[in-house]
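Engineer: The structure that follows is given in the form of structure tokens.
The values are calculated or read from the model by the stated rules, or taken from the named source; none is laboratory data. The structure displayed is predicted, hence computed values, not measured ones. Neighbour counts run over all protein chains shown; Cβ positions are idealised from the backbone, glycine included. The area values use the complete protein model at the heavy-atom level, side chains included, leaving out ligands, DNA and RNA. Shrake-Rupley method; radii C 1.70, N 1.55, O 1.52, S 1.80 Å.
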Amino acid sequence: MGMGSDMYRQQILDHYKNPRNYGEMEDPTFSHVGENPSCGDTIKMDVRLEDDGDTIEYVAFSGDGCAISQASASMLSQQLPGKTLSELKEMDRDDIVDMLGVDISPMRIKCAVLAEKVAQDGAKIYQGEIDLDKTKTED
Ligand code: FES
């Protein structure tokens, strides 16, 4: 475990203790909720788009989860503004693992990708690509 990993662990703990953009948005363009079925933790993502209907302007999240899921949601809320919905939907678990900067065990990958999956499914529902009440992270 090198210094680099320690730095990333500190960053994860910081986002967990001081989550960025935590709370419910009053005027989201779309909102979606998802659950990690292995623990039952739930996260809601609120997304507001710019007037072009495609560029993400602001993201807020709420709900409960472990340090990995909360830090991932917090970091994602900072990374998504400026991206388009297509760019959001193209993200994969490698992007999240890179963002977190630490090795994620197979047991914790659902925690890591929960916020991403919720935001992606929210975008797909908003764009009429899927019909879904609640996301559940899969392996
Ligand atoms: Fe529930 Fe990680 S243990 S989201």
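Engineer: For every other residue with a beta carbon closer than 10 angstrom to the beta carbon of A73, add +1 if it is Lys or Arg and -1 if Asp or Glu, then tell me the sum.
Structural biologist: Its environment carries a net charge of +1.
Engineer: Per-residue accessible area for Y58 at 1.4 Å probe radius, Å² rounded to 10?
Structural biologist: 90 Å²
Engineer: Let me ask you something else. Points 7 angstrom from Cα along the Cβ direction at A67 and K17: gap in nanometres?
Structural biologist: 1.0 nm
Engineer: All other residues with a Cβ under 11 Å from the Cβ of M99 taken together, and with Lys, Arg as +1 and Asp, Glu as -1, what is their net charge?
Structural biologist: Residues near M99 contribute -3 overall.
Engineer: Quick one: ranking I68, I56 by accessible area, 1.4 Å probe, largest first, what do you get?
Structural biologist: Correct descending sequence by accessible area is I68, I56.
Engineer: Further question: Could you give the angle, 0 to 90 degrees to the nearest 10, between helix 109-126's Cα long axis and the longest principal axis of the Cα atoms of the chain?
Structural biologist: 10 degrees
Engineer: To the nearest 10 Å², what's C39's accessible area with a 1.4 Å probe?
Structural biologist: Roughly 70 Å² of C39 is accessible to a 1.4 Å probe.
Engineer: Which number gives the lysine pairs in the chain that have C-alpha atoms under 20 Å apart and are eight or more places apart or on different chains?
Structural biologist: 22
Engineer: Binning at 5 Å from 0, report for segment 17-62 what percent of all alpha-carbon pair distances ends up in each bin.
Structural biologist: Over segment 17-62, the share of Cα pairs per 5 Å bin runs 5, 22, 25, 20, 16, 8, 3, 1 percent.
Engineer: Kindly report, to the nearest 10 Å², the accessible surface of I109 as traced by a 1.4 Å probe over protein heavy atoms only.
Structural biologist: The accessible area comes out at roughly 20 Å².
Engineer: Can you compute the helix-only [θ] at 222 nm over the chain? Use -39500 (n - 2.57) per DSSP H run of at least 4 residues, normalise by all residues, nearest 500 deg cm²/dmol.
Structural biologist: So the helix-based figure for the chain works out to -13500 deg cm²/dmol.
Engineer: Report the far tail of the P(r) of the chain, meaning the percent of Cα-Cα pairs longer than 25 Å.
Structural biologist: In whole percent, the share of Cα-Cα pairs in the chain beyond 25 Å is 20.
Engineer: Among the DSSP beta bridges whose two residues both lie in the chain, what percent are antiparallel, rounded to the nearest 5?
Structural biologist: Here the share of antiparallel DSSP bridges comes out near 80 percent.
Engineer: Net charge near D6, counting Lys/Arg +1 and Asp/Glu -1 over other residues with Cβ under 15 Å of its Cβ?
Structural biologist: It works out to a net charge of -1.
Engineer: When ligands, DNA and RNA are left out and all protein chains stay put, how many square angstrom of accessible area per residue does the chain have with a 1.4 Å probe?
Structural biologist: 52 Å²
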